[in-house]
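What follows is a set of notes on a single structure, which appears directly below.
The values are calculated or read from the model by the stated rules, or taken from the named source; none is laboratory data. Treat the numbers as computed from the prediction; the structure is a model and nothing was measured. With ideal geometry, Cβ positions are generated from the backbone for all residues, glycine too; neighbour counts draw on all protein chains shown. Side chains are part of the model used for accessible areas, which takes the heavy atoms of the whole protein and leaves out ligands, DNA and RNA. Shrake-Rupley method; radii C 1.70, N 1.55, O 1.52, S 1.80 Å.
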Amino acid sequence: MPFQDRFVDAAFAIESAVYAEGADKALFLTEMARVLKPGCRLVVVDGFRKDVRPFPVFFKKIYQASLSAWAISELGDIRAFEQKMRELGFEKIKVENIGWRVLPSALHVPFTMLKLLWSNLIHKKGNRRYLKALLLSSVMGIFAGRFGYFIVSAEKAINH
């Protein structure tokens, strides 16, 4: 980021930290730790894996195809993410799974998929990659217990 060290009073990432590399999103968190002033807050709202056990073979292909459709290399692991925050000097870390609270807004997905499908079939236009991402994400609901949608907040330690 084009900021000096300890320059930012607060930072947030809404559905964007997921695009950082690695299960712990170390580069993203390292940069946040660098630019935040001590005592200031970081808030991240994003999807994470809650369970990093290997997927069955059939599901692993669906999972990888879904990540590819969204242009994501790897979902973060919420435990690794929290641990990396601690290592980088964040404190007062609060991790809250808000998946059930945002479920009503996800109810638009079937309608969006139908609209995109209609555009693709009838009008020969529309975003096929987005349609694929939505379809695959819907199938991933089979293993919904392994994923969560979280708000993670923390303060950069005063002595960091």
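What the table shows:
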{"item": "Those residues of the range 96-110 which are outside any helix (DSSP H, G or I) and either closer than 21 Å to residue 154 by Cα or modelled with pLDDT of 80 or more (or both), in sequence order", "result": "96, 97, 98"}
{"item": "All positions within the range 75-91 that are over 15 Å from the mean Cα position of the chain (by Cα) and open to solvent by 50 Å² or more (accessible area, probe 1.4 Å)", "result": "83, 86, 87, 91"}
{"item": "Residue tally, condition assigned to a helix (DSSP H, G or I) and touching a Leu at 6+ places or on another chain (Cβ under 9 Å), over the range 72-93", "result": "4"}
{"item": "Residue, farthest from residue 68 (Cα to Cα), within the range 116-135, restricted to residues that are open to solvent by 100 Å² or more (accessible area, probe 1.4 Å) and within 25 Å of the chain's Cα centre (by Cα)", "result": "128"}
{"item": "Residue within the range 95-106 that is touching a residue at least 12 places away in the same chain (Cβ under 8 Å), open to solvent by less than 30 Å² (accessible area, probe 1.4 Å) and either aromatic (Phe, Trp, Tyr) or within 30 Å of residue 34 (Cα to Cα) (or both) present", "result": "yes"}
{"item": "Matching residues, the range 6-24, being outside any helix (DSSP H, G or I) and within 17 Å of residue 41 (Cβ to Cβ)", "result": "6, 7, 8, 9, 10, 11, 12, 13, 14, 16"}
{"item": "One residue from 3, 48, 7 being within 29 Å of residue 141 (Cβ to Cβ) and among the aromatic types (Phe, Trp, Tyr)", "result": "48"}
{"item": "Selection from the range 28-74 of residues that are open to solvent by 20 Å² or more (accessible area, probe 1.4 Å) and polar (S, T, N, Q)", "result": "30, 64, 68, 73"}
{"item": "Qualifying positions in the range 55-77 - hydroxyl-bearing (Ser, Thr, Tyr) and either touching a strand residue (DSSP E or B) at 6+ places or on another chain (Cβ under 6 Å) or closer than 20 Å to residue 16 by Cβ (or both)", "result": "66, 68, 73"}
{"item": "Matching residues, the range 1-29, being out of contact with any helix residue (DSSP H, G or I) (no Cβ under 7 Å at 6 or more places or on another chain) and within 30 Å of residue 100 (Cα to Cα)", "result": "10, 12, 13, 14, 15, 16, 18, 19, 22, 27"}
{"item": "Residue count, the range 1-27 (criterion: surrounded by 12 or more Cβ atoms within 10 Å (Cβ to Cβ), among the β-branched types (Val, Ile, Thr) and either farther than 21 Å from residue 83 by Cβ or without any contact (Cβ under 8 Å) to a residue 40 or more places away in the chain (or both))", "result": "1"}
{"item": "Filter result (within 29 Å of residue 154 (Cα to Cα), without any contact (Cβ under 8 Å) to a residue 60 or more places away in the chain and hydrophobic (A, V, I, L, M, F, W, C)) within the range 58-87", "result": "67, 71, 72, 80"}
{"item": "Cβ-Cβ under 7 Å pairs, at least 6 apart or on other chains, the range 130-144 side over 24 Å from residue 119 (Cβ atoms), far side at pLDDT 80 or above and part of a helix (DSSP H, G or I)", "result": "142/59; 143/59"}
